[in-house]
Amino acid sequence: MGITCEEVWRHISDYVDDELDPKQRTALEEHFAICRQCAAVLEGTCNVIRLYRDERTLAPPKGFHNRLHERLDQRLRQGSEEGIRLSRRAVLAWALTAAAAVPLGFALFSAKRIIQPRLGHQSPSGSPNSPAVTGLVAVSQDAEDKLFHIPSCPYLHGKPKFLPIEEAIREGYSPCPICIGKHKPEKKG
Amino acid sequence: MADWDPSGSVLAQRRTPVCATTVAAEKDSRNDRIRANEEVLISRILEGKKDLFLDLIRPYQRTVYATLISMLGSKEDAEDVTQDVLLKALARLRQFRRESTFGTWLIQIAINEARMRKRKLRHGIMFSLTKGTDDDRAYVPKDFADWREIPSESLERSEIREALAKALTLLEEHYRLAFILRDVNELSITETAHILGITRGAVKTRLRRARLMLRDILSPGLQQGGQVGLAFKEVRKPWE
């Protein structure tokens, strides 16, 4: 016994997609052979699919490709310019850092060479390997920080007063953490 | 009554799936070649040859546009979003994991973009395009006019193309999208199901209704009743 028209309509789309098993497929084909209406439905369905598959259906409007390509080109150019800008910025930043680092390094190096001999000169009794501060140190007569410094310390503000380190310690001054830091006052005795 | 010769028309010419434009083996082979070519292009683009991107997307411009116009309705919006989608694809090309084809990946981006655009247009109201009742009842065709083979030259006529575009807008969105993915973009049922996040069965149900509804909308037998119908068809009703 054949299948009904309703069953055909239920499976017609799967028939088109070749999603039916051979038995169902044969049943539908037998039905199409005797039912002109269902054959018309099949034909119409196939026409619909053929029409919509055609490249001209739902095709982008005229000028679409050119406009798209222009926008993409623009984006690609922007991207490469952005890349160039970024790399230029990176080079500039690196150069500025290097330019700032050279004099800073030189200043630190010079300061170390200047300070060490001076400290050594002020403390002839100190061991050459000892970083201890001996001899005269400077205190500010204006600042209230109660710190003593080496005479060249940039953090020595106001009018300086020079005095022996022992005296500075006795008067309650502490070593400046910047210029003396590691150079602990040498303890006598 | 017009002559009815079942051995002469529809069935006699068809021993393979009725609407197949190419046989499956040929299609697989063609897809493999396309995929291999795309792999090469993608690698070179990622190495810095960005101008090759235009070659990569060329075959997909129509499918992305067709998907978007079916979802957004407006040609201007569809064009605008198509451009956005392709630019996004370029920006995200490194994220393409090759779990699907490049074309499928593009369509997924397009659908997401279209949803975002629609949400904006609807002032933040959220809705899902893929939700909707999948009516499993048999669709009853409303017209049984016999279509003869449609000459492809007819598509040179803008009114025919307009009629096809308009007919699509008359479908509910979830039917429309399944139809576009499967029958316009020629994705497989499995790919369509993957993109829409539904089962293969649900895709088949939506396709069935979409195809039959479009057939009715475009049917030459209904064109006189204010439908979109394709006016160039000669109507031959089986009962005449």
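The values are calculated or read from the model by the stated rules, or taken from the named source; none is laboratory data. Keep in mind that what you see is a predicted model, and the values were worked out from it rather than measured. No Cβ is skipped: glycine too gets one built from the backbone with ideal geometry, and neighbour counts run over all protein chains shown.
Yes/no matrix, rows are residues, columns are (1) within 14 Å of chain B (Cβ to nearest Cβ); (2) modelled with pLDDT of 85 or more:
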position	(1), (2)
A:T57	yes, yes
A:G63	yes, yes
A:E82	yes, no
A:F106	no, no
- Looking only at the stretch A:126-138, decide whether some residue is loosely packed, with under 12 Cβ neighbours inside 10 Å, at pLDDT below 80 and within 30 Å of B:D77 (Cα to Cα). no
- Which residue, of B:S128, B:S188, is small (G, A, S), closer than 22 Å to B:I111 by Cβ and either touching a Cys at 6+ places or on another chain (Cβ under 6 Å) or modelled with pLDDT under 70 (or both)? B:S128
- Query: Residues of the stretch A:20-43 being under 22 Å from B:A210 (Cα atoms) and small (G, A, S), which ones?
  - Reply: A:A39, A:A40
- Message: With the requirement that a residue be among the β-branched types (V, I, T) and either in a loop (DSSP other than H, G, I, E, B) or away from every other protein chain (no Cβ under 11 Å) (or both), what does the stretch B:195-213 give you?
- Response: B:I195, B:I198, B:T199
- Item | Residue list for the stretch B:133-162, restricted to those being modelled with pLDDT of 65 or more, over 16 Å from A:T45 (Cα atoms) and either part of a loop (DSSP other than H, G, I, E, B) or more than 7 Å from chain A (Cβ to nearest Cβ) (or both) | B:E153, B:S154, B:E156, B:R157, B:S158, B:E159, B:I160, B:E162
- Message: Just to be sure I understand, how many residues within the stretch B:171-194 are more than 11 Å from every other protein chain (Cβ to nearest Cβ), acidic (D, E) and either surrounded by 20 or more Cβ atoms within 10 Å (Cβ to Cβ) or in a helix (DSSP H, G or I) (or both)?
- Response: 2
- Query: Looking at (1) more than 7 Å from every other protein chain (Cβ to nearest Cβ); (2) within 27 Å of B:E162 (Cα to Cα); (3) in contact with a helix residue (DSSP H, G or I) (Cβ under 7 Å, 6 or more places away or on another chain), can you tell me which one A:R67 breaks?
  - Reply: (3)
- Just one of (1) facing chain B (nearest Cβ under 7 Å); (2) surrounded by 18 or more Cβ atoms within 10 Å (Cβ to Cβ); (3) farther than 21 Å from B:I217 by Cα trips up A:C35, so point out which. (1)
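Quick check: anything in the stretch A:67-80 out of contact with any Phe, Trp or Tyr (no Cβ under 9 Å at 6 or more places or on another chain) and at pLDDT 90 or above? So that I can check it myself, show each step before the final result.
Here is the first cut: in the stretch A:67-80, the ones out of contact with any Phe, Trp or Tyr (no Cβ under 9 Å at 6 or more places or on another chain) are A:67-71, A:73-75, A:77-80.
Keeping just the survivors that are at pLDDT 90 or above gives A:67.
Within the stretch A:67-80 (the criterion being out of contact with any Phe, Trp or Tyr (no Cβ under 9 Å at 6 or more places or on another chain) and at pLDDT 90 or above), the answer is yes, since at least one residue qualifies.
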